[in-house]
Structure formats: C-alpha cells, structure tokens
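To start, the structure itself, in structure tokens.
None of the figures in this text is laboratory data; all of them are computed from the coordinates on show. Everything numeric here is computed off the predicted structure, so don't read it as measured data. Please note: Cβ atoms are built from the backbone with ideal geometry, for glycine as well, and neighbour counts cover all protein chains shown.
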Amino acid sequence: MRIIKWTWILALLAGVSTDLLAGDRVTVIRAGSVITGTGETISPGEVVIEDGKITLIGNQLEIPDNAKIIEARNQTLMAGLVLSRTSQGLVGGRVSGVGCDQTVLNRWVDGEMDWESFLEAGFVAAAFVPAGTGFHGQAVIVHTAPEAENRILKESVYLPLTVTGSTSLYRTVSQAFDGARKEIEKVKKAREEWDKKQEEAKKAAEEAKKKEAEKGDKDKAAAEKGDKSKKDEGPKEFKAPPMNPALVPLVDILEEKSSAMPLVISISSPGSMLHVDAAMSSVKELEDRDPASIFVLPGARNGAFHEVVDELIERKATVMIPPGMSVLPDTYYRYHVPAALSRGGCSVISLPRADSASGMRELPGYLAEQVRYGMSEKDAIASLTSAPAEFLGLGDQMGTIEEGKAAHLILLNGSLLDPGVKVMKTMISGEVVWDREDR
Amino acid sequence: MLKNIRIITALLAFVIVFTDMPVIPGGYSLSESISEAQDPPRRRRGRRRQAPPPAPEPEPEKKEIVAADSEDEYLVIRGATLHTVTGGTHRNGTLICKNGKIYQIVAGPVDGPEGAEVVDATGHHVYPGLVAFRSSGLVGSGEAEKSQDPFDLDTTMGLAAGITATWNGSRVTKLVHGSLEDLTIRPKSFSSINYSYRNPRGRSELRRAMDRVQEHLRALERHAEEKKKDPEAKAPDDKWIKGIYATVRSLLTGQSQALVRSRSMAEIREYSALARKYGFEIVFELAEEGWIDPGVLSRAGASAVISPRARVNANEDLNRESGSSIENAKLLHDAGVPLVIIPQNTGIALWGLAGRDLSHLPLEAAFAVRGGLPEQVAIEAITIEPARLLGVADRVGSLEVGKDADFIITDGDLLSYMTLVRWAFVNGKIQYDKEEEGILDHIRPDGDLDAPPPDDHWPRRLGDPLKG
C-alpha cells in the first residue's frame, strides 16, 4: 500500500517536471568548443536553442534556471552533416533512360530505413535519388530523424544524369531533349488550334450580330439560340494537353524557366566531361548556355581525373567527390583530385566512398587525408556542411551554427578531422535523435 | 599454214636476237619470267621496283611568304631533315603549315611568316605521322567523336610511337589527346569472305553467289544498252541482292576490297585464284608464307598487310617450302606487291610483349629491312601505303602540300632502335611532346645517352603531394 502511494507521488512529480521543461522549450548546449562553420571557433562555448532554432551563440551566457542543459564540456559542437546524394536502402529497380519524374518517395518503406546509420555518421539531412543511369529521377531532401513528422524538406532539388558509356550518353540526351521538344510543340499546337477556334467563334458571333441587326427582331430568338450553342462548345480558358511527366523537368530546362532544376552529371571517366559538352551542344536550344558545371566524380577509382582538374577550376564547377586518392593510370602515383579542386577554387562537396553505412562512417577519416594533402580545414568541413546545404538550397536553414538557423547539430569527441573521431550526439531541430550513450 | 610457220620462226628469231632472254627449255627462271611477261600484274607500281632516287641536294631557295593574316595560324618547323616519303628528303628543310594543313615544303632554311609558331628542330628528322593499319584501344570504336576517351593513355602511347592515324575497324581516325574534334578522317570498311578449303560448302556458295552477281551485272550492262533504244526497258530485278550477294556485289563492282586473313600459301593461292577469276581487289593480312610464291599475290593484284617478326614454323610433313621467312617482305616487294607493315599485337601493352605491339611500329618495319627490304619501302609501308589501302592517302601518309599537318619529329632515323619521337603533331597542333608528357622523357633526354632524368619528370610535375 505504501509503495503504491510513493509511486503515485513520483509519477506526479515526473509529470510536473516534464511539463515545466516543455513549457520553456529552451535547451542549452555547453560544449568544449563550438565550430560555427562561419570561420569562428568558440571554446568553451554555449549554444541556446529555442523552438528548435538556434537563438544565441556565445561564451558564459546567462542561462535561465529551468532550461534543459546538455553538458558536453569535453566535446565539440558543429553543424550537422548534409549528404548531397545517396540511394541507400531504396527498394525497387534501377531507373534507366529518361525518367525525370522518378522520385524515391515510392521507393522506400520509412519504418525499415536505417536512419540510425545516417545519424551515427552525423548526417542530419540527405538528398535521395533513385539509383540508375541516364536521367534517372529527381532528388528529394529529407530529415534523417527516425520518427520525423515532416520528413521531406524539399522536393525537386536537382536532376541527376549518370553517364555510363559515351554512346548511351548521346542516345539518352537526344532521346530526352527531342522528347521534351515534342512536348513543347504539342502544347504549342494545341494552343494555336485553340486560338484559331476562339477567333472563329468570335467571327461567328460578330456575323451573327450583323445578321441580327440586318434581319431585325424577327430572327432574334433564333440567333440567340445559335450563340448559346456556340458558347457551350469550347472551354473558356486554354487547357494545355498533359505532358509526359518524365519529360516535364527537361521542358523546364529547354524553356529556361526559373524553376528548372540544375543537372548534376555523374561521370566515371574524365573524357566523359567532353562527351557531355558535345552531347549538350547538340541540343540547339542549349547552345548558348554555359557548359555544364555540376559534376559527380568517382573517388578512389583509377582514372586520369587530373586531366580535367584545370577545366573544372576554369568553370568554377561544383564537384561532388568522395575524398580519396586517385591513382594515375598505370602508375603507383597518387593525385589528390578533391584537394586540387578545392585549392583551385571549386566548390567541393564530399560524398562517402561507398554509399553505405560504413562508407558514411569512414568519410571524415578520408577527408582528413585530403587536408593533409592540401585542402584547407575550413573547406574540408564546409564540404560536408555549408557547401552541400547551400547547393541544395537549404543554406538558410542548416550548414552552419548561426542565429536563426535550425538546430541540426552534432556533438563529436574531438574535431571532425581528428583521427578516430566519433559522433556522440546528433540533434535535429534541437531534439537529440541519436545518442552514443544509449547504445 | 606454211606462212604461219614462217611468221612464227621469224618472230622467234627476233625475240632471241633482240632480247637477252636465256633460252633454257623447261628452265625455272624462264618459265617464271615468261609467265610474268604473259600475265603481268594488273596493278603494279613500277616506281616501287627501283631504289628511291637519291634526294637531290636542293638549292636553298628563298620564297616570299605573304605576311600572315591575323586569323591564320602558321606553324614553322626549321632545321630538320624533312622525309616527305613521296617527294624525296630535304636536309635542313623548312616545313610550313597553315591552319592545320601543310602549306609549303621548302628545301632550305627560310623565315616563316610573322607571328608563326616556330619549332626549332635542328638535328631532328621530320616524317609524316605513321599510319597503323589496324589498332585496338588507341582510338574509340565506330565514330570516335562519340566513343573516344580523350584522356586515354593508350592514345598518348600511340602518339609516342609516332602513330597519328589508324583504322578502328570502321573508320580511319586520328589520334588526338584531350579533344573530340576532327578525329574521323573517313569511314572505311572491307568485305570479309570465306573461301577456306576447310569449308567446301561455303566455297561453293560463294562461287555461286559470284556467278549470279556477275550475271546480274552483265544484265545491268545489257539493260543500259537497251535503254538507249527503248527508254521503257525493264531493269533486272535486284531485290534478291542481300547478305552474301550484297557483299559480292560491292566486291565485283569495285566498291570494296576483300580483306582476308590467311597464313598459308595454299590458302593465298585459293583466294588469289578467286580474285583473278572474278576480278576483285584483295588484301591479305598475315601472309607469312607469301614469300614462297609472291607472284601469285602479284598477279592477283593483291596487297599484303604483314608482320615481319611473325613466326610460323615450317611443316616438316610437306614436300615443299612452308613457314615464315625473314625475307617475306623483301620477296613480296620484289614481286610488286604493295606492302603494309603492322605488328602482331595491334594494341598497346605495357606488360612485356617485347615490343611486338603498336608502341614499336617502326621496329617492325626495321625488321623487314633486316630481311632485305629497302629502307624507303619499309617507311612507306608504315606511312603512305596503309593510307592508300585505307583510302586516306589524300589526307595523310606523306608530307605534301595540301595534306593534313600530321607529322612526327624524331631524334634520329625513324627505323633506328634508338630513335624516339620528340614531338607528334596532328592537324598542326602538338599532340605529344616527349618532355612534357613524361612517359619517355627520362630516356635519353635531348638525345644525351648519360643525362639524368629531368627533375620534373611526370608525375612529379603534378606537385609534391605533401607540400600541396
């Protein structure tokens, strides 16, 4: 009997305390150092989170008594990592050819996705694309929290074009843009026909009016009838015939709409870059456009990518590339393409070497190697945080620790580029969604 | 009858007195020379039988060169020995190219137009870019503009071997590094036929097809005649001409040549007889036993694509000559057979073929010289002859005014084992520079036997990875 009473009291107390915290919704992280990502490191530093947003960053801040405090004085706080391209855990077949309307939304079972592995590696957001070749869909950015209510952050982010062989590249590009052109023409034709009909209807109406005036009241009733029947014939506004959804994003590109998605081109050999240019320049509408400048390069495979480094730098390209050593063909010599690109002024976005849980876990270690070979530490960290966030159009929400941005943060047991560094806690919108201590 | 006999005797006397022909009844040399006299090869290049005329020591001449238009790109190669292949050799000549074409060949030192890119090649030799009859991996397949990997190391290796053009099986293509423009010279295809004695049915089918198509072609000729009189004459039906018939038609009308790989003399005889009977052009690849009876190839008007270093063991069971011979190239050439030389392996392999691949094309030709082939002919066999056979002799294969500026500059005689390509130019642009490319730049830099490798030997040039 007594025990029951005590539990009652305990339960009451517990309920009250959670209510109190929830009411304030203020969380404070006391970290050993805070790497803001804007070039500042505050150590020790504190970050105040309210309503899932960062409200204050500083040192020895005054903290309300009832705030929830995360003590991490021996840890480093930084912005959560952003994965700019992945197809992990998707179900369904690979897409090939032209399928720009394909997304991952019907290709995953949310409950069965291994979100933990993303969080363990520190990724708070990821851009998912369906696996495949050619124009194999569009990217969708999602939160990686296991139980997110609004998982989708942004749809229709970019159009991946994956090049496997140059012959199929030319085929795919001509197939895609010829198709898109036909769709445009189809709509144009329909509009012309509609315009024609409208004009005819107008003329008919005018003639009817004239007749009306000539004939006087006698036939008024008949004319009215005729008018009515004509009005019923056509719709009042032009309705475009439906386009092939697989081609709509390409139509946007051809019509140079502002909503057109950028093309992200994956190449597996340096020569493909020239082939992509040649294939794109064969599309006459794209002739006067800048050469393609967003590329995904393979990381650790043999390939003479040093041959195109200068060209990429000249284009000020955005390059998604796994940090890794490229081996010069037929030699044991290594050339560090990511470091060279970064030094040359390209926007480098790091990808895991393997699109898997272990690939994501090992990513910081390989990135540290690029720092050793000439990439600046700032660029290296940016290549996983602010650079992908900005490229994906989420620069105002995440990527750095700044006031007003969402509190997508990670706590590490050292700097991201230290050997053997581990993610200790991952937070999405101020909530700890993954904690190493819980495991 | 008596009159006839008299005429014949008179003729015979005339022949014996006025020609120096040795009359040995049944003698080997006589029968051969007579058979050759009676049946001269239909296509013979008399010029090829003589040694090349000694290069006339040219008078250094001064030519006025119009001041360069600002838009024209001039390239001047000075101080080198120009081996034009088809037009003699000029010591200390000057080669002037304009917009990717050969503009002037001057047999002496002259100043180029203002603003021209000048390459001082004193002590070096200029040859037309080598043409590899066949290759794999040097250029893309099919239409190279759409399939080539422009940064393929094999392309650079090919250029380092002096090759600037090759046939990829369907097109004659240039070797260009880092660009996808101006690669294809022209499409080219050969017809393949099977007339092997191991396949009697195929043989009879081929012969039947030949007969039928020949009859059809005659019918066409008759029809053309008829049409002059009767404009409404009906043309012979040609809907049945498909498959093997189409191949045969393109052969018999001279639109294409037959390309046959055959090693043994017996096979070469069979194919040559067929080519002579139906009158089509034939090219023999391999042809290791061609030396046994080169007159057969010669009479059939055949060309030969040979690898002088290829070996075929003699068959001891046969009561006649067999197997390969170092003299193969020489004997075929002596019989008037146009020769093309390629190595046995038509790729580029870096794993120890002992140079029997395309990275050592000139050495293959040099081996034929070892067997007696004149040096000039050996050089032709890797430049102008393959260009002729591939139908691109108007563009590449020799240094001639108006041809493409595809040439190589070597640090010695082309066929010497010491010689390396110093520069390779395609379309008037440097595609390979031994010192820049660094595949071979550590070997005898500047022709010096004992010089150490350069400090910035590739890939060290890419930078010290630790210094960044």
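Using the Kirkwood radius over Cα pairs, work out the Stokes-Einstein diffusion coefficient for the range B:229-318 at 10 °C and 1.306 mPa s, in µm²/s as a whole number.
Working: Rh = 15.1 Å.
Answer, rounded: 105 µm²/s.
Under a 5 Å amide H cut-off, with hydrogens placed 1.01 Å from N, B:K429 pairs with nothing among residues at least 5 apart or on other chains.
Per the Kirkwood treatment, what hydrodynamic radius in Å, one decimal, follows for the range B:206-386 from the mean inverse distance over all distinct Cα pairs? Please report the intermediate quantities before stating the final value.
Numbers: mean 1/r = 0.0547 Å⁻¹.
Hydrodynamic radius (Kirkwood, Cα only) of the range B:206-386 equals 18.3 Å.
Backbone phi angles across the range A:342-352, fed through the Karplus curve with coefficients 6.51, -1.76 and 1.60 (θ = phi - 60°), yield HN-Hα couplings of 5, 5, x, x, 6, 7, 9, 10, 8, 10, x Hz in residue order; Gly and Pro are listed as x. Per-residue ellipticity at 222 nm computed for chain A from its helices equals -11500 deg cm²/dmol, with DSSP H segments shorter than 4 residues left out and the rest contributing -39,500 (n - 2.57). With R₀ fixed at 35 Å, the C-beta to C-beta distance from B:D237 to B:R261 puts the FRET efficiency at about 0.50.
Counting Cβ atoms of other protein chains within 10 Å of each residue's Cβ and taking the mean over peptide A:276-283 gives 1.
The Rg/Rh ratio of chain A, with both radii computed over alpha carbons and Rh defined as the Kirkwood radius, is 1.15.
If you sort the three axes of the alpha carbon gyration tensor as a ≥ b ≥ c, you get a/c of 1.5 or more for the range B:316-397 and a/b no higher than b/c, which makes it oblate.
Modelled spin labels at B:R6 and B:K227, positioned 7 Å past Cα toward Cβ, are 5.3 nm from each other. Note on the range A:370-411: semi-axes of the ellipsoid equivalent to its C-alpha gyration tensor, largest first and rounded to whole Å, are 22, 12, 7. Placing a pseudo-label 7 Å from each Cα along the Cα-to-Cβ vector at B:A273 and B:H442 gives an inter-label distance of 5.8 nm. Among A:K211, B:K228, A:K188, sorting on how many other beta-carbon atoms sit within 10 Å of each Cβ, with the fewest leading, yields B:K228, A:K188, A:K211.
Considering the range B:343-434 at the alpha-carbon level, its Rg and Dmax are found to be 13.7, 40 Å. Starting from the 7 Å offset along Cα-to-Cβ, what nm value, one decimal, do you get for the label separation of B:L220 and B:E181? Simple spin-label model gives 4.0 nm for this pair. A cut-off of 5 Å between modelled amide H atoms, ignoring neighbours fewer than 5 places along the same chain, links A:Q75 with A:G32, A:S33.
Phi-derived couplings, Karplus 6.51 cos²θ - 1.76 cosθ + 1.60 at θ = phi - 60°, listed residue by residue for the range B:241-250: 7, 9, x, 4, 5, 5, 4, 5, 4, 5 Hz, with x used for Gly and Pro.
Please label the shape of the range B:399-465 as rounded, prolate or oblate, based on the square roots a ≥ b ≥ c of the eigenvalues of the alpha-carbon gyration tensor (a/c under 1.5 means rounded; beyond that, a/b larger than b/c means prolate, else oblate). It would help to have the intermediate numbers written out before the result.
On the way: a/c = 4.04, a/b = 1.51, b/c = 2.68.
Verdict is oblate for the range B:399-465.
How much FRET efficiency would the formula 1/(1 + (r/R0)^6) give for A:R436 and A:K154, where r is the Cβ-Cβ distance and R0 is 30 Å, rounded to 0.05?
Working: r = 29 Å, r/R0 = 0.97.
E between A:R436 and A:K154, to the nearest 0.05, is 0.55.
The HN-Hα couplings worked out from phi for the range B:336-344 by the Karplus form 6.51 cos²θ - 1.76 cosθ + 1.60 (θ = phi - 60°) are x, 8, x, 10, 10, 10, 9, x, 5 Hz, whole numbers, x standing for Gly and Pro. Dividing the Cα radius of gyration of the range A:323-439 by its Kirkwood radius returns 1.00 for Rg/Rh. Fewest-first ordering of A:S43, A:S258 by other beta carbons within 10 Å of each residue's beta carbon gives A:S258, A:S43.
In chain A, what percentage of the DSSP-assigned beta bridges are antiparallel, given to the nearest 5?
Details: 36 of 63 bridges.
Once the DSSP bridges in chain A are tallied, antiparallel ones form about 55 percent.
Calculate, for B:A314 and A:T38, the FRET efficiency according to 1/(1 + (r/R0)^6) with r their C-beta to C-beta distance and R0 60 Å; round to the nearest 0.05.
Details: r = 82 Å, r/R0 = 1.37.
So, using R0 = 60 Å, E works out to roughly 0.15.
What the pair-distance distribution of the range B:155-208 shows, using all Cα-Cα distances binned every 10 Å from zero, is 22, 31, 17, 17, 14 percent.
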